[in-house]
Structure formats: structure tokens, C-alpha cells
Amino acid sequence: MGHQDIQLKSDDQIRLMRKAGLIVADIHAAIRKAVRPGVTTKDMDNVALSVLDAAGAKSNFFGYYDYPGQICVSVNEVIVHGIPGERVLEPGDLVSFDCGAVRDGWHGDAAFSVVLPGGDPEVRKRRERLSSLTEESMWRGIAQMALGSRVGDIGRAIDDFVVGLPGEQLGIVEEYVGHGIGTAMHMEPDVPNFRTRSRGAKFKAGMVLCVEPMLTAGSQENVTLEDDWTVVTLDGSDACHWEHEVAIHSKGIWVLTAPDGGTAGLAPYGVVPVPLD
């Protein structure tokens, strides 16, 4: 697959993608409200389903290569693709929620992480720091969609930030990367979260990309469990995942899965998103 395979959207198509993106934002808001120690990961899946149903949308995860959940719920050492089930969330757990929606044929996809109250204060503090650094690395990557010139600039910005953190030795998961999105959930180009030899495709109006760094508190080495989905850190260290879907259009960039279009997240980097509506 070459750069010519990247699907470029018109401004009107990006407006339709914004609708799917805002449904994902609504799922995130509903989960934030409902999540607490004592609920199961399946309870959170049901919260997502009720938002999707109310919006007349479908999950793009459910049935994807037979994936059984509406969303992915990844707890502590789980990096990605945690299947919702009977697992009860505990005080102090670090939980990453990856959620998606399809509406009118267009896909939305975004992830956020939360550390639950309670538990060991030291552990909780470490997990909150991991989450805030992962989120910051995502925004630094997204900012490059306005400040940089090529897809590789996203991974370079994330890598430079994570590697340059004083006193931290976090892992950047390399097997799982961001991606293009549009009429399918995963499309060209790949969006690595680390420096690569290739500078990647040139940014062009009409590109919509998912930027989704996954960081680990230890080694980034990982293994997939027997369910063929759940990816865990090999050393049992905590992992964290943040993601937004971002459009480049004729007038600027717009974070489609952020209710404010990315205004707050991009402000520290001097980038002002440009909504189309």
C-alpha cells in the first residue's frame, strides 16, 4: 500500500465524521460518569451500547474479526483490546477505554484512561502520572498535524517527549500504532508513535488520522493472551492508552472526537483548531 491509497475527505464528509466523533465523545462522557470501583468491565460495555443505541449508531468494534464487545476495556497491565466481561474494577485501577461508533457509513474512534479512586496512594499517584504523560504525548503528536509536514512528525514528537522525560523510563508500544480512518475503521496510513526511518506521507487536506500512543511503566514488550485479543505487558507493568481522531481540512485541523474540537488540548502548543461548523 502506498501513499496514493490514503482516503481524502471533502469538508462535507469531515462534517459527517464529526457526528460519529461526537457520539464517541458522548460514550466517553457516559463512561466517566458511571465508572467506579465495584462495576464490571461488562457494565461499562453496556453503558457504551446504550449511548450508541440512543444515537442510532453502531459500534465499529463489535464483530470486527469477531470481536465480542462494543468497546475495549483494558485494566492495569492490559495495553489494548481488553474484552469486557465479569472483571470487577478495583480501587486505584488504571482503566483505558477504547470506543468507536459508525454513523452514516463514517467511523469515529477514540480512547481515554482513568485512574479509579482509592487503593494504595503511591500506586495511584504513579498511575495518574502515567495517564497524564500518555495524554500529553498524544496532544504533542496531534499538534504536529498543524506544525509538521509529514505523518512521521507525529511519532517523532511523541518519541522525543517520552524519551526526554527526566527520571522516567517509559516504554512506547511499537506493535500497535495509530491509523487513517474514514469509511473503514483502519485505513492507510499507519501512524507510528515512535521515530521511524520513513518520514511517512505528506499531510494533505482531507486526511483523517487516529493518533493513539500507548505507554508502559516498564518494558514495551507484550504478549497476546489465549483469547487472541487481550494484549498485556510481558513484565506485568502498567500500561495506558489515549487516542483522538483528527481531521486536516482546507482551513486547519479539527479534533473530531473532542467536544471542543481540541482547543484546550492544543493550546499549550500554540495550535488553534478550526471547526468546519
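All of the numbers you see were taken from the coordinates with simple rules; none came from a lab. What you are looking at is a predicted structure, and each value in this text was computed from that prediction instead of being measured. As a convention, Cβ positions derive from the backbone with ideal geometry for all residues, glycine included, and neighbour counts pool all protein chains shown.
With contributions of -39500 (n - 2.57) from each DSSP H run of at least four residues, the per-residue ellipticity at 222 nm computed over the chain stands at -10000 deg cm²/dmol. Loop-located GluC sites (Glu not before Pro) across region 210-277 with a Cβ neighbour count of 11 or fewer within 10 Å are Glu226, with loop assigned by DSSP. Here percent of Cα pairs over 25 Å apart was computed from the coordinates, and among [x] 47; [y] 56; [z] 41 the match is [z].
For Gly182, the amide hydrogen comes within under 5 Å of the amide hydrogens of His107, counting only partners 5 or more places away or on other chains and with H modelled in the peptide plane. Stretching Ala29 away from Tyr64 to a fully extended chain increases their span by 10.2 nm, per 0.36 nm per residue minus the current alpha-carbon distance. Neighbours of Leu8 by Cβ distance under 13 Å: Lys/Arg scored +1, Asp/Glu scored -1, total -1.
Please tell me which of these pairs span more than 29 angstrom C-alpha to C-alpha: Lys19/Lys42; Lys19/Lys251; Lys9/Lys33? From the list (Lys19/Lys42; Lys19/Lys251; Lys9/Lys33), the Cα-Cα distance tops 29 Å for Lys9/Lys33. Backbone amide hydrogens, once placed in the peptide plane, bring Ile253 within less than 5 Å of Val274, excluding anything fewer than 5 places away on its chain.
FRET efficiency for the Asp160 to Lys251 pair, using the beta carbon distance and R₀ = 22 Å, is estimated at 0.20. Across region 142-159, rounded Karplus estimates of 3J(HN,Hα) from the backbone phi angles (6.51 cos²θ - 1.76 cosθ + 1.60, θ = phi - 60°) give 4, 4, 5, 5, 9, 8, x, 10, 9, 4, x, 5, 5, x, 4, 5, 5, 4 Hz, Gly and Pro being marked x. Annotation: amide H-H contacts under 5 Å for Gly118 (H modelled 1.01 Å from N, sequence separation of 5 or more, or interchain): Gly92.
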